[in-house]
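Notes follow the structure.
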Amino acid sequence: MPIDALNGVTTNAMTRAFAGATDAASGAGALGGAAGAGAVQPTTGGDGFAASLGNAVDGLQQLQSTSKTLALKAVTGNLDDIHDATIASTRAQVTLELVAAVRNKGVDAFNEIMRMQA
C-alpha cells in the first residue's frame, strides 16, 4: 500500500473527528444560506476546540486498541493477513505523532501568551 493511501486514511480519520466536533459545537451539520463554503462561524467559547481535541484523543485510543488487538492476534497466529496488523500499527503511530505535534503547538502557543503577559 502506498504511503499516500496510509496518510489519507489517518488524515481522513482526524478530519472526521475534528469536523464532527465543529459541527456539534456550531449546532449545524452543514453551512447554508449566506455562509458559503469555507466561512468560519464564530464560537462563544473554547468548547468546540476542547471537544475536537477530545474526539482526536478518543480516535487515537481506538486506533491504538485496534493495533494492539491485531498485534496480539498476529503473535498468537490467529491473524489471517499480517498486512492488517502492519497497517493498524502504522495508523496508530502516525496519528500519535500528529496528536503530539498538535499538543506541542498548543503548549508553545500557551507559553508565548504567558510571555506576552509578563
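Some observations on this one:
- Checked against (1) modelled with pLDDT of 90 or more; (2) under 22 Å from the mean Cα position of the chain (by Cα), Thr76 passes all but a single condition, namely (2).
- For the stretch 64-84, filtered to residues that are part of a helix (DSSP H, G or I) and among the small types (Gly, Ala, Ser), the residue that is surrounded by the fewest Cβ atoms within 10 Å (Cβ to Cβ) is Ser65.
- Selection from the stretch 83-118 of residues that are of a type in the set (D, E, K, R), under 17 Å from Leu70 (Cα atoms) and more than 15 Å from the chain's Cα centre (by Cα): Asp84
The values are calculated or read from the model by the stated rules, or taken from the named source; none is laboratory data. Quick caveat, the model's predicted, so the values are computed rather than measured. Here Cβ is always computed from backbone atoms with ideal geometry, including for glycine, and neighbour counts include all displayed protein chains.
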